[in-house]
Amino acid sequence: MFSDPRYYLWLIPALPLLAAAVIGVLGKAILRDRSHWLCIGGAIGACILSFMTLSAVSGLEGDRIDGHRCIRIYYTWFHAGNVDIPFSLQADGLTAVMLVTVTFIGSLIAIYSVGYMHGDPGFPRFFAAVSLFLASMTLLVLANNFIVLFAAWEGVGLCSYLLVGFWYAKPSAADAARKAFLVTRLGDVGLFLGILLIWVNFGYSLEYDVVFERARSFDNHGLLVVICLLLFSGAVGKSAQFPLHVWLPDAMEGPSPVSALIHAATMVTAGVYLVARCTPLFGQAPEAQLVVACIAAGTALLAALIALTQSDLKRVLAYSTISQLGYMFLALGSGTMDHRLAAVAVTAAIFHLFTHAFFKALLFLGAGSVMHAMGGIIDMRRFSGLRRLLPVTHWTFLCGAGALAGIPLLSGFWSKDEILAVTKQAGQPGSFASGIYLLLFFIGVATAGLTGFYTFRAYFLTFWGEEKVPHEAGHHAHESPPVMTLPLCVLAVGAVGAGLVFGPTGWFGGFLEEHWVNPEFPRRLLSDRAEHAHDYLVMLFSSIVALTGVGAAYWMYVRQPALADSLARAWTGLYELSRNKFYLDDFFYSMIVKPLTVLALLARVVDQYIVDGLVDLVGQVPAFIGYAVRPVQNGLVQFYALLMALGVGGFFLAILLR
Amino acid sequence: MNDLQNALLAGQFRYILPEIVLAVAATGIFIGGTFRSGRYLWSWAALGSLVASLFVLTITAGFVLPSGEAGRTATFSTPLLFDSLANFVRVLAIVAGILLVLFSWNEVPDRHAADYLACLLVIIGGVGLTACANDLVSLYLALELISIPTYILLYLPRHDDAAQEAALKYFLLSIFSSALLLFGFSYLYGLTGTTNIAAILHTLYGQGGGDMPAVAQIALITVVAGLGFRITAAPFHFYAPDVYQGAPTVGAALLASLPKLAGFIALLRVLGFVTPDGVLVPVAGRPHVLPGMALSDQVPILFWFLAAFTMSLGNLLAVLQDNLKRLLAYSSVAHAGYMLVALAAAPYLSERSSGSDGVHALLYYLVAYGVMTIGAFAVIAFLSTPERPVDNVEDLAGLSGSHPYVALMLAVFMFSLIGMPLTAGFTGKFLIFFGAMNVVGEQADLYRWLAVIGMLNAAVGGWYYLRIIAVMYLRTALRPIQGRRNVPGLVTLIVCAVLTIGLSIPPGANVLLDAVKNATGIKSTPSPIAQR
């Protein structure tokens, strides 16, 4: 049975789901401190199966298994009338890569959490939710139609809500959970509308194959752009792009492993996955792609600017996540010029997704390790110089920071440069909206410099300078246990080496092209096999910018620590703008939340006094009429007989004299 | 009378063996009861005879009915007909009888048990014969076979003023309604010269349907009024609250179920909603005349008014009731109104053209109504003890604490009576109102309004049923309900609750719907619309 992946494909979401169910039922009473075994078991099982799927997919050449170019299994979920919604799963190159990323990182984070969550009263609940998340996320990437995708999409949203609000007794955590859920739901409305439009316009089918096939001959271009933008609005919510990015920094209220797993490595990349999956749609609507690219570049720059001044280590990382997601969307939005570029663009985006998952999970887990040692304090003003106290954390964090900053040869360097190269190509004179893309390219490069700066600012503030430990940590601030440091080391290896292994060799792009891009995209869309020529000029340029950012951070926070403060004083306005997140939260609060609250109050008054009053009045009517006719039922038998006779007489009148 | 008719008449006896079994058993119990009292003995005997009757019925249902020329002669001459509708109703009556015997197992005092059970058997036989009746005389006799034992049954157990008053009221008004019925029958006879229902329908239909002579309309109204008493249609329902309240709980449950079944079947028969083959021949030039129109265009109008009036009055008065039995009495009036909606819409519907059928909906609702109403009365009987009677809604306070499962079952019955999904009450209401909404043609608006009135009534009904649930679950009792060990009573409850839910979901719903379709489908005349 292990030769044919169709037999075990369903197990990938099923194993974590089973673990979640068992922990959910038995966790509190029986499993208690042993709950993690099931979660880790489910995650590792799913991970092994994912690798097997990957190898099975790479074994497919052209049309192999059952004439399909991907692995597919099919159940009928429900059908109403003549509409069948199949519960079908498929695995092609994209899915396999996503599966491996999600389950591998998920397994490591589950292991890390054993140490991090140790002793928490909600220990079983945490692992139940993490397992449920893994089940939903793997289902999301395995889905073969938009309905299953949407169900899993909401599933990961639910898990995010549960885990952000994990410490629900803390008001800020409960608020953050609600905010995360509601803001992403805002995007989901668009996503669902997009799905409905697809359903109505593409012959009442929601299966990817059918939809993409029909989209090719779809002639209503404007409608296609609208559909793409609606789908993208779902991605904007889930992947925290401007203007719906405000939930992600607040979501850092959740436990650090959750931030690493859900809000850095996997769930927030679901939007990238969705847009990549729908490339056959977006490829037909360059206008939509331009919107994607503009929003993405704007988000990347904005988030990087905000990250410059944040004092909370996890928030810095959260804004860097938003910024990096912006890079991915930038790539997805840049594949407009021709079809070869489109192929390179989507593989670049997925490649960045892949490497980002490693180094960002690593950074968050490192931040978690710091937080663990500092007694729950994560404000960088409260501690410094931890490099001797937390040696493993320090070195692994450095690896992650280097990868994020784009230090040459580390993983982030390769993937980010591919994206910049794609954008630059899109900006070549003569192509669609080339001027705008050229501008976006420079924004991307500038953001790379900012990234180097803020990443290493956080690194230097945390690990360099004089050794300072907050009093909450007590006198025994120490390195985390091996169960936490081991995943850090594994991820560090990935953060350093993943890019080098897959980037210059072209394995990653080649695999995706052969098993996803080439079969998925229309034949005429790809003239010939796409080439991953590295643009050495871009590489050099962006490296210099990134290293400059790093150097500036070194200068400002190690060599001349006073410089930062004086700069902040010199440019108070700009500094405050960045520190207050460009006042976007306040803007949303006063422009949207406040008016809605007032409206809700009004509605409440209307409901309580007017609507309720009317309803009560209506409710009194039957009783009132009842009182009025009650005397008829007076208990006198002769009267009853009389009424019966009168009734007959009445009917005579009504019928005969009609 | 020719030889064929004689032979057919003689052959009828073997088909009414189930009723004969019941009659013999009833006689035996009447006589035996004078020698030995004891409710368990006679309950077993009654239960045994009901099961035996059911068994005999399964055999006789297999007997070949006369067909061809003999069948046609039988249709137009024999007093009884044994089509699938008759068998369906007989099965229902016997099953209801079994439930009522179980229900009354521990309720009836030893002294009266034999008489009570014998009366019950006779009533069930009467319902069976009503379903078979093909002649005004046999129909009237069958209906009296239901009425007369009911008088005894109401008078038997208690001799307090309330019980006597209830029995007397029922008696007086019942004979008044019988008089109305006979009056109508006599006009029908005078109009057509025959008492055979099939022949009457044939004759009247031969005049082309549509507007009938005034005499026929008078007959129609008085017949509906006479039968309206049994189905508690307003304004012939007045006895119900007083009688239900005064009667023992078992008697109220019986009154609420069996006479209603008999009354509706009699309406179906007499007015020609369901007719044997060959009775209604489509007339050229009037292709739209449907079975229920056999008597006149006035039938649907009459039922329209009757339905609207009955359900509105029943629900409005039920809102004010505190006494449980009175409340259920008005509720039974209201549900009679819903069923009349089905009859009112039936002439304009046919299964094959619009996917809904008034008669099917009515039969389904009769079953659903019977199950949930018997169940609701069974809960009251189950919980009442002489020391702590459960009379008023308030007496149910705290039931969820003392009897969680009984409370749950009562909640199921109440939800079903409201018409919440996943209960038989919902499916029944859905079929009825869906049918009314499906009427096409000139009358469509009229029936849409009727459906709207019905839905508004269902909303009003929700109020008083939910009140019972609220009292059970949200209030605490000063004196907790004691209850006692009563296995047969509990069995009745469980069976009713299981059926209430089971008949609304597959496979139960499909089984019942198929049975209903089978009951009317085989012998009824396909409607002309469907034939087009």
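The values are calculated or read from the model by the stated rules, or taken from the named source; none is laboratory data. Just so it is clear, the model here is predicted, and its values are computed rather than measured. FYI the Cβ positions are ideal-geometry reconstructions off the backbone, even for glycines, and counts take in every protein chain you see. The protein model used for the area step is the full one, side chains on, heavy atoms only, and it has no ligands, DNA or RNA in it. Shrake-Rupley method; radii C 1.70, N 1.55, O 1.52, S 1.80 Å.
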Which whole number gives the average, over all residues in B:451-463, of C-beta atoms from other chains lying within 10 Å of the residue C-beta?
-> 1
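Please give me the summed charge of the neighbours of residue A:49: other residues whose Cβ is under 13 Å from its Cβ, Lys and Arg +1, Asp and Glu -1.
That sum, taken over residues with Cβ under 13 Å, equals 0.
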Where a ≥ b ≥ c are root eigenvalues of the Cα gyration tensor, a/c under 1.5 meaning rounded, otherwise prolate if a/b exceeds b/c and oblate otherwise, region A:586-657 counts as prolate
In region B:149-186, which residues become less accessible by 30 Å² or more once every protein chain is in place, relative to the chain on its own, using a 1.4 Å probe?
-> B:169, B:173, B:176
Note: B:230-238 gets an average of partner chain Cβ contacts (10 Å, Cβ to Cβ) equal to 4
Residues other than residue A:424 with Cβ under 13 Å of its Cβ, Lys/Arg counted +1 and Asp/Glu -1, net out at -2
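With every protein chain kept in place and ligands, DNA and RNA left out, what is the accessible area per residue of region A:176-334? Probe 1.4 Å, answer in Å². If you can, show how the numbers build up before the last one.
Numbers: 3740 Å² over 159 residues.
Per residue, region A:176-334 has 24 Å² of solvent-accessible surface.
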In terms of modelled amide H atoms, which long-range or inter-chain residues lie less than 5 Å from the amide H of residue A:312?
-> A:380
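What does the charge count near residue B:61 come to, summing +1 for each Lys or Arg and -1 for each Asp or Glu among other residues with Cβ under 12 Å from its Cβ?
Values: positive: B:14, B:90; negative: B:83.
Neighbourhood net charge equals +1.
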Rounded to whole Hz and in sequence order, give me ³J(HN,Hα) for region A:90-104 from the Karplus expression 6.51 cos²θ - 1.76 cosθ + 1.60, θ = phi - 60°, writing x for Gly and Pro.
-> 9, 10, 10, x, 4, 4, 4, 4, 4, 4, 4, 4, 5, 6, 5
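Working with all protein chains in place, sort A:294, A:278 by solvent-accessible area computed with a 1.4 Å probe, largest first. Please list the in-between numbers first.
On the way: A:294 50, A:278 0 Å².
Output order, biggest surface exposure first: A:294, A:278.
Just need the relative contact order of region B:298-524 here, percent rounded to a whole number, with Cα pairs under 8 Å and 6+ apart.
Values: 342 pairs, mean separation 61.5, N = 227.
Answer for region B:298-524 is 27 percent.
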Ignoring ligands, DNA and RNA, how do A:199, A:516, B:463 rank by accessible area with a 1.4 Å probe, largest first?
-> B:463, A:199, A:516
Using the eigenvalues of the Cα gyration tensor, what equivalent ellipsoid semi-axes result for the protein assembly as shown when each is taken as the square root of five times the eigenvalue, whole Å, largest first?
-> 79, 34, 27
Buried accessible area between A and B, both sides, 1.4 Å probe, in Å² rounded to 100, is 2600
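Would you mind telling me the share, in percent, of accessible area of region B:298-524 contributed by carbon and sulfur at probe 1.4 angstrom?
Of the solvent-accessible surface of region B:298-524, carbon and sulfur hold 68 percent.
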Across 20 Å bins beginning at 0, the whole-percent shares of Cα-Cα pair distances in chain A come to 18, 49, 21, 7, 4, 0
So the carbon and sulfur contribution to the accessible area of region A:163-585, 1.4 Å probe, in percent, is 66
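Can you give me the orientation-averaged projected area of the convex hull built on the Cα atoms of chain B, in nm²? Before the final figure, lay out the partial values.
Values: hull surface 91.3 nm².
Taking a quarter of the hull surface, the average projection is 22.8 nm².
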So how tilted is helix B:68-77 from the main axis of chain B? Cα-based, degrees 0 to 90, rounded to 10.
-> 70
Provide the solvent-accessible area of residue A:604, counting protein heavy atoms only and rolling a 1.4 Å probe, rounded to the nearest 10 Å².
-> 140
Rounded to the nearest 10, the angle in degrees between the Cα long axis of helix A:637-656 and the longest principal axis of the Cα atoms of chain A comes to 80
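Which of the residue pairs A:238/A:314; A:360/A:594; A:28/A:238; A:314/A:416 have a Cα-Cα distance greater than 24 Å in the structure shown? The partial results should precede the final answer.
Numbers: A:238/A:314 19 Å; A:360/A:594 35 Å; A:28/A:238 31 Å; A:314/A:416 22 Å.
Exceeds cut-off: A:360/A:594; A:28/A:238.
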Largest to smallest accessible area among B:39, A:559 [probe 1.4 Å] = A:559, B:39
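For chain A, what is the relative contact order in percent, using Cα pairs closer than 8 Å and at least 6 residues apart in sequence? Mind dumping the intermediate values first?
Numbers: 1078 pairs, mean separation 81.4, N = 658.
Taking the mean separation of contacting Cα pairs over the length of chain A, I get 12 percent.
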In degrees between 0 and 90, to the nearest 10, how far off the longest principal axis of chain B does helix B:424-438 point, with axes built from Cα atoms?
-> 30
In vacuo Debye scattering of region B:298-524, one point per C-alpha: log10 I(q)/I(0) at q = 0.07 Å⁻¹?
-> -0.23
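Can you give the relative contact order of chain B as a percent, counting alpha carbon pairs under 8 Å and 6+ residues apart? Walk me through the numbers before you get to the answer.
Values: 907 pairs, mean separation 80.8, N = 532.
Computed value for chain B: 15 percent relative contact order.
In peptide B:378-388, how many Cβ atoms from other protein chains are near each Cβ within 10 Å, on average? Spell out each step's value before the answer.
Values: counts 0, 0, 0, 0, 0, 0, 0, 0, 0, 0, 0.
What the average comes to for B:378-388 is 0.
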